[in-house]
Amino acid sequence: MSVVVIEKESRAGEGISSRNSGVIHAGMYYPNKSLKTQFCISGNALLYKYAELKNINHRKIGKYIIATEEHELGKLKNIYDRGIKNGVSLKLCSKDKIQSIYPDLKVEGAVHSPETGIIDVPELITALEGDIQHNQGVVSLNTSFISAKKSENNFEIICNDGNNFSINAKILVNSSGLHSDIISKKIQPLDQKYNSPIYYAKGHYFKYSGPHPFHSLVYPLASEFSSGLHVGFDMGGQIRFGPDVTWVNVIDFSFDESLKDYFINSIHNYWPDMDPDKLQPDYVGIRPKLQNSNEKMKDFSILGAQDHGVDGLINLQGIESPGVTSCLAIGQYVAELV
Ligand SMILES: Cc1cc2nc3c(=O)[nH]c(=O)nc-3n(C[C@H](O)[C@H](O)[C@H](O)COP(=O)(O)OP(=O)(O)OC[C@H]3O[C@@H](n4cnc5c(N)ncnc54)[C@H](O)[C@@H]3O)c2cc1C
């Protein structure tokens, strides 16, 4: 079987994949039976192995989830318990312990996740592209999917690379991220009750240019007043804070600089010495959410013929975090469906 990846942009990964935190998550945040937990845990191990094999820049730097107030310790314990139930390796840290590790932070307790790390996502995408091509696949850039219609055993897929042309394929996988609902509308005969609307949750990142105390990822708990803006690293060691959660109606990567005060207040909750003058706008990403702002977290949606009845169609929606961590596990699952 040969594979063609149709990508409308001039480079692969220009959508959600190039605008995220680049964290290899460990799997403690999601419910035990969810696809998010299943793929995050197996994807974590697969991704470290793949990164070693392909020489992709990555570092298992670990993560501390911190409580900054005593009343948050119960919430911290809940995350620990859920993680342990999910089979994730975690350690509870007392106030003394975490204060000895991070004396400059305001902390009451922490959970340490040694299996969390960071990866260079552009390098990961290049390696995956290389693998597709070495296995006789094609990555067709600057090529838009227009529509698909199933007849007999094949999909006739109309594409546009400046001109319209068609491809015949037995299998069609829709993994178009923020556009998955728009694309799903153009696949016949998919019953639209199996197409979920995508809601957009924008996340801003501010980079920090001064000296800092961080040597691991640090995630404060979300509270009534803050979404828990965390400390992340790029592969060069520069730190950044974010992402926040701003619900938007259109896909638009502009940066709202007026969020700076909100970032300063949230970061000062756990790092009182942070110098606001050294905090600068960095970039934004947009999460493809299956739930609206007032709804509970929904799982990844990966539907095959057994769900929607269209043989050969695999439809992926809501592939938000931990989508990078899960990518190889999702790939294996889709291959099994195929
Ligand atoms: C702010 C933020 C932070 C995140 N942090 C993390 C993290 O730390 N760790 C983690 O594991 N995950 C993280 N994620 C999640 C992760 O980034 C995503 O789950 C993952 O990148 C999704 O990949 P994708 O291939 O589904 O989507 P995309 O990367 O968007 O790929 C879909 C592709 O489809 C193309 N496309 C769309 N329409 C068409 C069309 N009509 N024709 C042809 N091509 C089309 C797009 O151009 C795009 O390149 C984060 C996400 C966000 C937004």
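An ellipsoid equivalent to the range 53-133, defined through the eigenvalues of its Cα gyration tensor, has semi-axes of 33, 15, 10 Å when rounded to whole angstrom and sorted largest first. Working note: Karplus 6.51/-1.76/1.60 with θ = phi - 60° gives the range 324-334 the couplings 5, 4, 8, 4, 6, 5, 5, x, 5, 5, 5 Hz, where Gly and Pro are set to x.
Once you reduce the range 135-167 and the range 72-86 to the center of their Cα atoms, the two points are 46 Å from each other.
A simple spin-label model places pseudo-atoms 7 Å from Cα toward Cβ; at Tyr200 and Glu295 they are separated by 1.8 nm.
What does the charge count near Asp311 come to, summing +1 for each Lys or Arg and -1 for each Asp or Glu among other residues with Cβ under 10 Å from its Cβ?
+2
Is the shape of the range 101-225 rounded, prolate or oblate, going by the alpha carbon gyration tensor and its root eigenvalues a ≥ b ≥ c, with a/c under 1.5 for rounded and a/b larger than b/c for prolate? Note, shape of the range 101-225 comes out prolate. For Asn32 and Asn168, the difference between the fully extended length at 0.36 nm per residue and the C-alpha to C-alpha distance is 45.0 nm. Charge dipole (Cα centre; +1 on Lys/Arg Cβ, -1 on Asp/Glu Cβ; no other charges) of the range 215-268 amounts to roughly 200 debye.
The count of lysine pairs in the range 171-274 with alpha-carbon distances below 27 Å, taking only pairs 8 or more places apart or on different chains, stands at 6.
Between rounded, prolate and oblate, where does the range 1-43 land on the alpha carbon gyration tensor, with a ≥ b ≥ c its root eigenvalues, rounded for a/c under 1.5, else prolate if a/b exceeds b/c?
Taking the square roots of the gyration eigenvalues as a ≥ b ≥ c, the range 1-43 is oblate.
Of the residues Ser94, Ser266, Ser176, the one that moves most in a GNM of the chain with alpha-carbon contacts below 10 Å is Ser94.
Counted residue by residue at 0.36 nm each, then reduced by the alpha carbon distance between them, the extension gain from Val138 to Ser2 reaches 48.1 nm. Taking the Kirkwood radius as Rh and the Cα radius of gyration as Rg, the chain has a ratio of Rg/Rh equal to 0.98.
At a Förster distance of 25 Å, what's the computed FRET efficiency of Lys149 paired with Ile182, Cβ-Cβ distance as r, to 0.05? The calculated FRET efficiency here is 0.95. Given +1 at the Cβ of Lys and Arg, -1 at the Cβ of Asp and Glu and no other charges, the dipole of the chain around its Cα centre is 680 debye to the nearest 20.
The modelled label-to-label distance for the pair Val250/Thr126, using points 7 Å beyond Cα in the direction of Cβ, is 3.4 nm. Karplus-derived 3J(HN,Hα) values for the range 170-184, using 6.51 cos²θ - 1.76 cosθ + 1.60 with θ = phi - 60°, are 6, 10, 10, 10, 9, 10, 9, x, 5, 9, 4, 6, 5, 5, 4 Hz; glycine and proline are entered as x.
Could you list Met297, Met274, Met28 so that the one with the fewest beta carbons within 10 Å of its beta carbon is first and the one with the most is last?
Met297, Met274, Met28
Label-to-label distance for Asn160 and Ala45 is 4.6 nm, based on points extended 7 Å past Cα in the beta-carbon direction. Relative contact order of the chain: 23 percent, from C-alpha pairs under 8 Å at least 6 residues apart in sequence. Determine the shape class of the range 213-338: with a ≥ b ≥ c the square roots of the Cα gyration tensor eigenvalues, call it rounded for a/c under 1.5, and otherwise prolate if a/b is greater than b/c, oblate otherwise. Note, shape of the range 213-338 comes out prolate. For Lys75, the aspartates and glutamates whose Cα falls under 14 Å of its own Cα, not counting residues fewer than eight places away in the same chain, are Glu108, Glu224. Of the residues Ser321, His308, Ile146, the one whose Cα sits farthest towards the positive end of the charge dipole of the chain is His308 (charges of +1 on Lys and Arg Cβ, -1 on Asp and Glu Cβ, taken about the Cα centre). Among Gly137, Gly232, Gly109, which one shows the highest mean-square fluctuation when the chain is modelled as a Gaussian network with alpha-carbon springs under 10 Å? Fluctuation is largest for Gly137. If R0 is taken as 45 Å, the Cβ-Cβ distance between Gln306 and His71 corresponds to a FRET efficiency of 0.50.
Based on DSSP H segments of at least four residues, each scored -39500 (n - 2.57), the chain has a per-residue ellipticity at 222 nm of -8000 deg cm²/dmol. Each Lys and Arg adds +1 at its Cβ and each Asp and Glu adds -1 at its Cβ; summed about the Cα centre, the range 23-73 shows a dipole of about 420 debye.
Just so you know, all these numbers are worked out from the coordinates, no wet-lab data involved. All figures in this text were calculated on a predicted structure; none of them were measured in a lab. Cβ coordinates were reconstructed from backbone atoms using ideal geometry, including for glycine residues, and neighbour counts include every protein chain displayed.
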